[in-house]
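**Student:** This is the structure I have questions about; it appears just below.
Just so you know, all these numbers are worked out from the coordinates, no wet-lab data involved. Since we're looking at a predicted model, the values are computed, not measured.
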Amino acid sequence: MFFQNVGNLEVMLTNSMGDTVYEATVNTSVQQQVFIPLSGLSSGIYTITFSNNFGSMYGGFEI
């Protein structure tokens, strides 16, 4: 869930090999949340990255 409007936000999910498994651009002035389908992904470590014109942030998680 996005708590404030940050404009267009790119959301990218990559696996431990660096392959992009999900990518979407969200207009946070219209859409306050995004659902990322995790079913069907292999067990492992993933990185989620949020980026826009002002910068980016990322974090890791394990399935």
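**Student:** Calculate log10 I(q)/I(0) of region 8-62 for q = 0.14, 0.18 Å⁻¹, where I(q) comes from the Debye formula with a single equal point scatterer on each Cα and nothing for solvent.
**Tutor:** Here the Debye-derived log intensity ratios amount to -0.38, -0.61.
**Student:** Please work out how much length the chain gains when fully extended from residue 51 to residue 39, using 0.36 nm per residue of separation minus the C-alpha to C-alpha distance, in nm with one decimal.
**Tutor:** Values: separation 12, 0.36 × 12 = 4.32 nm, distance 2.37 nm.
The span from residue 51 to residue 39 would gain 2.0 nm if fully extended.
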